[in-house]
Each structure stands twice: as C-alpha cells, then as structure tokens.
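A quick write-up on the structure given underneath.
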Amino acid sequence: MFPSYVVHPQNCRFEGQDPNEKILLLLRAHPITNFIWIIPVVSLIIFPFFIPPVLTLLNFNISQFPVEYRLIFLIINYLLAAVIAFEGFLHWYFNVFIVTDKNIIDIDFHSLLFKNIDVAPLRNVEDTSSSMGGLLQSIFNYGNVFIQTAGASRNIDFHSVPRPHHVADFILDEVHKLYGS
C-alpha cells in the first residue's frame, strides 16, 4: 500500500524532475520506525478507558465531574491523538529519498509549511557507505546510507531506509554505469 522501497516506481514524479529523467529507486524510512508515533497514539486512544477504574480504586467518584467536562476531555484527547497520527504519517510519507539516472534527491518534509530538498548530481558521487546498528535494525534490515559527494555539494544521508547495504551498492553501480566502468 505505502511501500518504503520501490525499484523503478510507476506514475511517480517529483518537483524539479527533468522530462527525460527516470526514477530508479524511491525510498522512505522503514515502516517499523512509525512505532515512534503509533505507540503514543494508541496510548492516547485507550487512556480514557483506564481512568474510571483507576479513580474507583482511589475512592473517587467520576460522576462528580459534569458530563460536559468529561466530554471536553475526550474530545481534546482524541483530537490530540488524531493530530499526532496525521503529523507522524505525513512526516513518514513525504520524507523521501530518490535515486534517478541523473541525481540523488533527499526531500525532508518538516511540516506542512516547510520542506528541504537536497539534490546531488550522480556524477559528483564519490563514495557511499551504509550502517546498521542495534537489534531492531538488524532484525528488520534497515539503517542509514551516507553518500559522499565532490565539490561544494552537501553530503546526502538516507536515514532508516530498508536494505541500506543494497542501496549503497545500487548507487555506486549507477555511478559506475555513468562513467562506463
């Protein structure tokens, strides 16, 4: 449905793409990284169900609060859960790493009002490296890819992408194809 590793994606374009530029690889952070915002959202959703039993254990009668206050609490609680879920999903979905036959693009989505796009020509790539550290990254096969570029271009980092060793190798293979070696 929302893949995080797509080779030769169809019907996919990005801002600033040249007419003859082909997307070779589309990456997002591994879906397991979404648990950073999913766990608080689920906690907020089930939190109101635990309040009455806890207050009963503390010999506090919840019926002392007016119904309107309890309703306002529930509305605020579920709105907060919805906002966290919406923002978390947008952050995951729109933070995209793209490898084309000409460029490497890192699109960092910070909020609805701000995004940062780093582009490095494929011909400027000097070296790539990848790293995986920790139990979760080893189990789910995700990590970081670091792309070193020549000249004034900034180095590009792909964070928490699936199959990082394969991605680093894929990028170097494309650079070698560009230079015919």
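Annotations
- Residue within the range 81-92 that is among the small types (Gly, Ala, Ser) and either over 23 Å from residue 33 (Cα atoms) or not in a helix (DSSP H, G or I) (or both) present: no
- Residues satisfying the stated conditions in the range 135-144, i.e. touching a Phe, Trp or Tyr at 6+ places or on another chain (Cβ under 9 Å) and either in contact (Cβ under 8 Å) with a residue 40 or more places away in the chain or of a type in the set (Asp, Glu) (or both): 136
- Once the range 36-70 is narrowed to residues that are of a type in the set (A, V, I, L, M, F, W, C) and exposed (fewer than 11 other Cβ atoms within 10 Å of the Cβ), the residue that is nearest to residue 136 (Cα to Cα) is 39.
- Residue count, the range 122-158 (criterion: surrounded by fewer than 17 Cβ atoms within 10 Å (Cβ to Cβ), within 19 Å of the chain's Cα centre (by Cα) and part of a strand (DSSP E or B)): 3
- Scope the range 88-134; condition without any contact (Cβ under 8 Å) to a residue 60 or more places away in the chain, more than 18 Å from residue 163 (Cα to Cα) and of a type in the set (D, E, K, R); matching residues: 108, 115, 118, 123, 126
- Scanning the range 93-144 for residues that are in contact with a Ser or Thr (Cβ under 7 Å, 6 or more places away or on another chain) and not small (Gly, Ala, Ser) turns up 124, 125, 126, 132, 142, 144.
- Residue within the range 49-70 that is of a type outside the set (Val, Ile, Thr) and under 23 Å from the mean Cα position of the chain (by Cα) present: no
- Given (1) modelled with pLDDT under 95; (2) assigned to a strand (DSSP E or B), index of the condition residue 99 fails: (1)
- The range 102-121, subset assigned to a loop (DSSP other than H, G, I, E, B) and either over 18 Å from residue 6 (Cα atoms) or among the β-branched types (Val, Ile, Thr) (or both), residue modelled with the lowest pLDDT: 112
- On inspection, residue 153 does not qualify as among the polar types (S, T, N, Q), farther than 16 Å from residue 26 by Cα, out of contact with any strand residue (DSSP E or B) (no Cβ under 7 Å at 6 or more places or on another chain) and modelled with pLDDT under 95.
- The range 44-76 - residue that is of a type outside the set (Phe, Trp, Tyr) and assigned to a loop (DSSP other than H, G, I, E, B) and, of those, modelled with the highest pLDDT: 66
- Among the residues of the range 1-43, the ones that are outside any loop (DSSP other than H, G, I, E, B) and within 27 Å of residue 173 (Cβ to Cβ) come to 11 in all.
The values are calculated or read from the model by the stated rules, or taken from the named source; none is laboratory data. As the structure is a computational prediction, the values presented were derived from the model and not from experiment. All Cβ positions, even for glycine, are placed from backbone atoms using ideal geometry, and neighbour counts span all protein chains on display.
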